[in-house]
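Take a look at the structure below.
The values are calculated or read from the model by the stated rules, or taken from the named source; none is laboratory data. Every value quoted in this text rests on a predicted model; they were computed, and no experiment measured them. So basically every Cβ, Gly included, is an ideal-geometry build from the backbone, and we count neighbours across all protein chains shown.
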Amino acid sequence: MTVRDLRRRLRHALASHDWFEGWSTAIGAVFLVLGSMSSLALVVALSSVGDPAPGFEASQGWLDATRGFGVALFGVFAVLALAVGWFLAGPAVRRAAKRLSRRG
């Protein structure tokens, strides 16, 4: 095998892979993880709304306002992160689910 044949095979192998799809799937998976963590933080923030904080010296109104801000912030970020994650990784997840459903 000559160097020319080796280079041709390497170029063909690299051209046959869709590298952008792989990177977008990986970035989408990161966004899906961030979205699920934000959803968990949203549940924690919602469950603590209205709870008095023992030993907290500031007013209860200030504490409720910061908890409300946390609910809004985590809610918006969870929706956005999950939407971006599904946009980037959704087609790969659907293809993998189809392959798994055909096997078993």
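Brief remarks follow.
- Residue tally, condition loosely packed, with under 14 Cβ neighbours inside 10 Å and modelled with pLDDT of 90 or more, over region 66-77: 2
- Cβ pairs under 8 Å, 6+ apart, first in region 90-102 and surrounded by 10 or more Cβ atoms within 10 Å (Cβ to Cβ), second in a helix (DSSP H, G or I) and hydroxyl-bearing (Ser, Thr, Tyr): 92/25
- Residue check for residue 53: among the small types (Gly, Ala, Ser), touching a helix residue (DSSP H, G or I) at 6+ places or on another chain (Cβ under 8 Å) and modelled with pLDDT of 85 or more: no
- Condition met for residue 49 (in contact with a Lys or Arg (Cβ under 6 Å, 6 or more places away or on another chain) and surrounded by 10 or more Cβ atoms within 10 Å (Cβ to Cβ)): yes
- Filtered residue count, region 1-38, keeping only those that are of a type in the set (Val, Ile, Thr) and surrounded by 10 or more Cβ atoms within 10 Å (Cβ to Cβ): 4
- Criterion: in a helix (DSSP H, G or I) and modelled with pLDDT of 95 or more - qualifying residue of 63, 80, 46: 80
- Meets criteria (surrounded by 10 or more Cβ atoms within 10 Å (Cβ to Cβ) and in contact (Cβ under 8 Å) with a residue 24 or more places away in the chain) for residue 41: yes
- Filter pass, residue 85 being under 17 Å from residue 46 (Cβ atoms) and surrounded by 12 or more Cβ atoms within 10 Å (Cβ to Cβ): no
- Residue 94 meets each of the listed conditions (1) modelled with pLDDT of 90 or more; (2) over 19 Å from residue 22 (Cα atoms); (3) not hydrophobic (A, V, I, L, M, F, W, C) apart from (2).
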